[in-house]
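Undergrad: What follows is a single structure, and I will ask about it in a moment.
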Amino acid sequence: QVQFVESGGGLVQPGGSLRLSCAASGSIARIYTMGWYRQAPGKDRELVARVTSGRSTNYADSVKGRFTISRDNAKNTVYLQMNSLKPEDTAVYYCNAYPFLQSWGQGTQVTVSS
């Protein structure tokens with residue numbers, strides 16, 4: 001299985017931006033759809049964005065217009081650009097295949113607070 005290492009999280013004020021990166025241990029070119037997921041305290045993990053190998057994207061309503069997912073198959077990396085962050089975006093963010101999950105990484109914490 002491919003393993004993922006997420007990075008780029010941190011503490012940011014409301015309205016701020018962060019760019020998350022997800023480095024895969026193997027090729028992601030064979031994974032048709034990659035996704036970013038998040039899990040807030042006390043809540044289930046949810047899919048927030050996904051991108052196909054053809055670069056088609058899909059977003060959860062809660063992040064549409066604010067987040068942008070992209071992938072670089074040559075670098076085996078998936079990105080999530082997050083703008084206009086809100087306190088409700090606070091969560092641990094993970095990347096993984098969709099819908100056929102690989103092993104979960106450790107995630108990266110995003111905290112939006114003033």
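The values are calculated or read from the model by the stated rules, or taken from the named source; none is laboratory data. Not measured: the values here are computed from a predicted model. Every residue, glycine as well, gets a Cβ built from its backbone with ideal geometry; the counts of neighbours run over all protein chains shown. Ligands, DNA and RNA are excluded from the accessible area calculation, which covers all protein heavy atoms including side chains. Shrake-Rupley method; radii C 1.70, N 1.55, O 1.52, S 1.80 Å.
Undergrad: Collect the residues in region 2-11 that are on the phi < 0 side of the Ramachandran plot and open to solvent by 20 Å² or more (accessible area, probe 1.4 Å), keeping them in residue-number order.
TA: Gln3, Val5, Ser7, Gly9, Leu11
Undergrad: Still on this structure, please answer the following. Considering Ala74, Ala60, Ala91, Ala49, which residue is open to solvent by less than 30 Å² (accessible area, probe 1.4 Å) and farther than 19 Å from Gly15 by Cα?
TA: Of Ala74, Ala60, Ala91, Ala49, the one residue that is open to solvent by less than 30 Å² (accessible area, probe 1.4 Å) and farther than 19 Å from Gly15 by Cα is Ala49.
Undergrad: Restricting to region 24-43, and then to whatever is within 11 Å of the chain's Cα centre (by Cα) and among the hydrophobic types (A, V, I, L, M, F, W, C), can you tell me which residue is nearest to Pro99 (Cα to Cα)?
TA: Among residues in region 24-43 that are within 11 Å of the chain's Cα centre (by Cα) and among the hydrophobic types (A, V, I, L, M, F, W, C), the one nearest to Pro99 (Cα to Cα) is Met34.
Undergrad: Tell me, which residue of region 102-114 that is more than 14 Å from the chain's Cα centre (by Cα) and assigned to a loop (DSSP other than H, G, I, E, B) is surrounded by the most Cβ atoms within 10 Å (Cβ to Cβ)?
TA: Looking at residues that are more than 14 Å from the chain's Cα centre (by Cα) and assigned to a loop (DSSP other than H, G, I, E, B), I get Gln102.
For every residue, the table says whether it meets (1) among the β-branched types (Val, Ile, Thr); (2) surrounded by 13 or more Cβ atoms within 10 Å (Cβ to Cβ); (3) at negative phi.
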{"position": "Gly15", "(1), (2), (3)": "no, no, no"}
{"position": "Leu18", "(1), (2), (3)": "no, yes, yes"}
{"position": "Ile28", "(1), (2), (3)": "yes, yes, yes"}
{"position": "Arg38", "(1), (2), (3)": "no, yes, yes"}
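Undergrad: Just name the residue that is farthest from Ala97 (Cα to Cα) out of those in region 44-70 that are out of contact with any strand residue (DSSP E or B) (no Cβ under 7 Å at 6 or more places or on another chain) and touching a residue at least 24 places away in the same chain (Cβ under 8 Å).
TA: The residue in question is Ser62.
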